[in-house]
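One structure below.
The values are calculated or read from the model by the stated rules, or taken from the named source; none is laboratory data. Bear in mind that the values here come from a model prediction, so they are computed numbers and not experimental data. Positions of Cβ are backbone-derived with ideal geometry, glycine not excepted, and every protein chain shown enters the neighbour counts.
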Amino acid sequence: MSEPGMGVSSAARTRPKGLTFLSRYDDPAMSTVIDMSKAVVLLERFPALAGATATVGAGEIVLLRGPNGVGKTTFLRSCAGLLPVASGRLNVLGHDLVAARRAVRRHVALLGHTSQLYDDLTVVDNVQFWSRASGVRDGDLMGALDRMGVSKRLHSVPVERLSAGQKRRVAIAIVIASRPRLWLLDEPHAGLDQSGRGLLDSLLVDAAEAGATVVFASHELDRAEAVATRSLSFSGGLIVSDDE
């Protein structure tokens with residue numbers, strides 16, 4: 001694994017205007033962000049996590065490796081407080097998610113395979129909806145759109161008319177603006193063109209440098225390994241290796 005920022009091209013490291021990260025990420029007392037021990041998570045009766053153990057520290061960029069169906073998405077959704085832990089331990093940002101999994105949600109952002117945007121609304125309407133739902137200022141979201149290269153000519157366009165890559169950029173911008181302390185991303189490069197992927201790589205490094213923690217699953221290993229500081233490999237619902 002490379003050090004933060006190593007392996008990312010100079011083009012990817014270019015920081016567009018429109019958004020800066022806030023020092024609110026910094027919390028000297030919060031050195032451990034994810035503390036999972038022998039966690040079992042059931043999907044119906046199937047153990048999608050079958051006793052997984054992992055620790056993730058503040059400011060890390062952690063790549064989740066492994067084929068489909070081995071527990072990566074379940075790990076992300078569990079850390080977001082969306083799936084209950086049947087047994088074992090899971091603490092995220094100091095919250096016991098076995099006892100109260102909703103407690104962590106305002107500090108965490110999860111970007112899944114779908115954009116979670118409303119197709120019949122324009123880009124700006126979507127931005128305003130999510131800003132009101134999450135308490136984010138409209139100005140921050142507009143700056144985040146600029147950061148992800150979403151041009152102003154697209155702001156009044158219905159989302160259903162956007163390309164898959166443009167939708168992905170808007171969805172990532174909403175994540176940026178919420179300034180989560182923990183970023184949970186499932187195949188975040190999917191649908192993005194080369195420029196968008198470079199912007200995302202730069203964004204992940206910037207977020208970690210500001211004190212946030214990034215955990216992401218990806219099959220694009222050459223690109224992902226250039227950004228990640230560490231990787232966790234999954235097999236059969238277990239974390240089978242931890243490569244620093």
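Counting residues in segment 97-108 that are under 18 Å from THR213 (Cα atoms) and at pLDDT 95 or above gives one or more. Filter segment 201-244 down to the residues that are within 12 Å of HIS189 (Cα to Cα), of a type in the set (A, V, I, L, M, F, W, C) and more than 15 Å from the chain's Cα centre (by Cα) and list them by number. Scanning segment 201-244 gives a single hit, LEU221.
Close Cβ contacts (under 7 Å, 6 or more residues apart or on different chains) running from residues in segment 51-65 that are in contact (Cβ under 8 Å) with a residue 24 or more places away in the chain and crowded, with 22+ Cβ neighbours inside 10 Å to residues that are among the basic types (Lys, Arg) and outside any strand (DSSP E or B) comprise LEU64/LYS72. Going by the structure shown, is HIS219 touching an Asp or Glu at 6+ places or on another chain (Cβ under 6 Å) and either over 28 Å from GLY94 (Cβ atoms) or among the charged types (D, E, K, R) (or both)? Considered against the rule, which asks whether it is touching an Asp or Glu at 6+ places or on another chain (Cβ under 6 Å) and either over 28 Å from GLY94 (Cβ atoms) or among the charged types (D, E, K, R) (or both), HIS219 comes out as no. Only one of the listed residues (ALA133, ALA164) is at negative phi, touching a residue at least 12 places away in the same chain (Cβ under 8 Å), surrounded by fewer than 16 Cβ atoms within 10 Å (Cβ to Cβ) and out of contact with any Lys or Arg (no Cβ under 8 Å at 6 or more places or on another chain). That residue is ALA164.
Consider VAL150 carefully, then state whether it is out of contact with any Gly (no Cβ under 9 Å at 6 or more places or on another chain), part of a loop (DSSP other than H, G, I, E, B) and surrounded by 14 or more Cβ atoms within 10 Å (Cβ to Cβ). It is true that VAL150 is out of contact with any Gly (no Cβ under 9 Å at 6 or more places or on another chain), part of a loop (DSSP other than H, G, I, E, B) and surrounded by 14 or more Cβ atoms within 10 Å (Cβ to Cβ).
Among the residues of segment 109-136, those identified as out of contact with any Leu (no Cβ under 6 Å at 6 or more places or on another chain) and either closer than 22 Å to LEU199 by Cα or aromatic (Phe, Trp, Tyr) (or both) are ALA109, GLY112, HIS113, THR114, SER115, GLN116, LEU117, TYR118, VAL124, PHE129, TRP130, VAL136. Within the set VAL205, VAL157, VAL227, VAL214, the sole residue that is among the hydrophobic types (A, V, I, L, M, F, W, C), farther than 19 Å from LEU63 by Cβ and in contact with a helix residue (DSSP H, G or I) (Cβ under 7 Å, 6 or more places away or on another chain) turns out to be VAL157. Per the conditions (1) of a type outside the set (Phe, Trp, Tyr); (2) under 24 Å from ASP201 (Cα atoms); (3) surrounded by 14 or more Cβ atoms within 10 Å (Cβ to Cβ); (4) out of contact with any Pro (no Cβ under 6 Å at 6 or more places or on another chain), the sole criterion not satisfied by ALA109 is (4).
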